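Shown next, in structure tokens, is the structure this report addresses.
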Amino acid sequence: MNLALLKLELDASTLRPQDASEEARLAAKENAELRDWLKQRTLFDEKIASVFTAPAVPAGLRDRLLSKAQPSKRKSNRWIMPSLAAVAATLALGWSLFWPGNAQLPAWQSEAITSVAKVHYGISRLDERAPTYEAVMQMLAATGSAAPQGSLPNSISRLPTFGCKRIQVGNRPATIICFKMPSGHEAHLVVMNAADLESKTAQFSRSKNWNMATWSEGSQTFMLATTSDAAELKKLLGLA
């Protein structure tokens, strides 16, 4: 089982590690990179799960509710239900939105889009906030963080920005720069100081509700991701 498949299996069982296969559990013990990744994912999942913990039911709540119930409006009693089902549905929906990475994507791309999703949905906060690309670039230069070394298309660099987030993709430093598109959607540019792709021509892919374009330039690899449609993504790159 390759690293991407191991991560996919372990990702689905962070809160129930006994459900993972023996091969995956053994790999998590022997592979330092996988062990560190699993530790961080487990901490994150535990944090998310704690948000959805059902509150304790106050003493006497049932009796007070029954005492106020009106016989002529028995149908309304169906709304007096524990919220566990709603919580479970929300949590299930959350996983589908938060984790767009999958084993069909290259490992670095799967990890990068998962980091993007955390930022997009507010699970991971931006390190710096700034309204323009120029301001973001100044912040990244001041900290020595990964930043585009060449020029981006004007259709991207002139967009308003929200800020940036420094991340790790594998063992390599990377940065997410968040833009606001004309449609109101967000576009997230991941820049990584490693040339993992040979093609300078953008390659397009899709995972769940995310559209992505990936390319390399010089010694850097880029991924531009958005929940907007593929046509708007291509327009940002000057291809439509």
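The table below gives the values:
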quantity	calculated
Loop sites in the range 187-240: GluC sites (Glu not before Pro), DSSP, at most 15 other Cβ within 10 Å	E198
Cβ-based exposure ranking for C164, C178, in which fewest neighbours within 10 Å come first	C178, C164
Q149 versus N171: modelled label distance in nm, points set 7 Å from Cα along the beta carbon direction	2.1
Spin-label pair K29/F44, simplified geometry with 7 Å Cα→Cβ offset, distance in nm	2.5
Net charge of neighbours whose Cβ lies under 10 Å from the Cβ of M181, counting Lys and Arg as +1 and Asp and Glu as -1	0
Entries in K118/K200; K208/K235; K180/K235; K180/K200 that, when Cα-Cα distance is taken, lie over 18 Å	K118/K200; K208/K235; K180/K200
Relative packing of peptides 139-149, 184-194 - highest average C-beta neighbours within 10 Å first	184-194, 139-149
Computed over the range 124-236, the ratio Rg/Rh where both radii use C-alpha atoms and Rh is Kirkwood	0.93
Using a Förster distance of 41 Å, the FRET efficiency for A230-Q18 (Cβ separation, nearest 0.05)	0.50
In Å, descending, principal axis extents of the Cα set of the range 1-42	21, 20, 16
Proxy reagent accessibility, fewest Cβ within 10 Å first, across D229, D11	D229, D11
Cβ-based exposure ranking for T227, T114, T221, in which fewest neighbours within 10 Å come first	T227, T114, T221
Global geometry of the range 123-162, whether rounded, prolate or oblate, following the gyration tensor of its Cα atoms and the 1.5 cut on a/c	oblate
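Read-outs throughout are calculated quantities, based only on the coordinates presented, and are distinct from any laboratory measurement. Predicted model only: the values in this text are computed from it and were never measured. Positions of Cβ are backbone-derived with ideal geometry, glycine not excepted, and every protein chain shown enters the neighbour counts.
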